[in-house]
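Student: Mind looking over this structure? Questions follow.
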């Protein structure tokens, strides 16, 4: 998320309104706030455990909220606070507030020439929809969504809902307030009952010409490339990048934070849990692996009863105790 205007260190401290120690270049101006995976120069990010300290310190983020006193990298600034996540959310919530809407289409929405909006469609604040689109009945398009030209969205789909992003605490779950956006590029078609979450702090993007069957789920900050196809009941988890011309068939899932190379095919009822770097790979299974290798494994498994029967015969033949 980018601020409307750049903020200085004192302004950030004022928003935090808590005990905080500031180290580094105090003259830095800050232009936004993002999680580490989306952070750019000028952004504020955070880390609250050993797993992410090095990652955030070496990221593009200019300002970092930490709960530990650490050496400040050159050109950066550190805010040392009690609970970096809650401090991060305090800054987000200063700029992002929920405003109830009393009309189906917000006055700020921009809808292009030739676009058809069917009955009972909800369109939120600062939504942009391009030319010659069809938005079918009962679609919900949340605030800060950008939709390109020639896009078709079928009934009951939801675009730009909050990220499913929570941190477990002893007292319960802490929700990451979503402040990111959603972008649907030109010539995309989205089936019925699909859900595309907005970025928690960055952008969830669906590339040009991509097609979804019904009941597809796309997690926060995921990037789906151009001309991909996703079958019914498939899903891509948050922060994952699926490159161009990939096919994910029905009832298949892709784990969070991984990369899927161009022209990858994930066959039906499969689960991909690691990155794919070789283009044109065909994968199958739980967990997914090279399809031909998986089919051979399945053939071996089918033969196991006969194999065990043969082993028992051999054992009985050489069993001298009888």
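Please treat every number below as a calculation from the coordinates, not as lab data. All values derive from a computational prediction rather than experimental measurement. Glycine also receives a Cβ, built like all others from the backbone with ideal geometry; neighbour counts cover every protein chain displayed.
Student: Mind checking which of 76, 131, 55 has the largest fluctuation in a GNM of the chain, springs on alpha carbons under 10 Å?
Tutor: 55
Student: Report the normalised scattering of segment 142-269 as log10 I(q)/I(0) at q = 0.10, 0.13, 0.15 Å⁻¹, calculated by the Debye formula with identical scatterers on the alpha carbons.
Tutor: Treating every Cα as an identical point scatterer, log10 I(q)/I(0) equals -0.28, -0.47, -0.62.
Student: With axes computed from alpha carbons, what is the tilt in degrees of helix 84-95 against the longest principal axis of the chain, rounded to the nearest 10 within 0 to 90?
Tutor: 60
Student: Let me ask something else. Please report, in Å, the Rg and the Dmax of segment 279-322, where both are computed over Cα atoms only.
Tutor: Rg, Dmax (Cα atoms, Å): 17.3, 59.
Student: Just round it to a whole percent: the fraction of Cα-Cα distances in the chain exceeding 34 Å.
Tutor: Details: 19524 of 51681 pairs.
Pairs farther apart than 34 Å: 38 percent.
Student: Next question. Subtracting the Cα-Cα distance from 0.36 nm times the residue separation, let me have the gained length for residue 289 to residue 313 in nm, one decimal.
Tutor: Residue separation times 0.36 nm, minus the Cα-Cα distance, leaves 5.2 nm.
Student: How much of the calculated P(r) for segment 21-97 lies past 16 Å, in percent of all Cα pairs?
Tutor: Within segment 21-97, distances greater than 16 Å cover 42 percent of Cα pairs.
Student: Can you sort 200, 36, 13 by how many other beta carbons sit within 10 Å, fewest first?
Tutor: The order, fewest Cβ neighbours first, is 13, 36, 200.
Student: Can you put 3, 166 in order, fewest other beta carbons within 10 Å first?
Tutor: Fewest-to-most ranking of 3, 166: 166, 3.
Student: Which value in Å is the Kirkwood Rh of segment 215-313 over different Cα pairs?
Tutor: Every distinct Cα pair counted, the radius reaches 14.1 Å.
Student: In which sequence would 173, 295, 249 go, from the one with the fewest C-beta neighbours within 10 Å to the one with the most?
Tutor: Working: 173 8, 295 12, 249 19.
In order of increasing Cβ crowding within 10 Å: 173, 295, 249.
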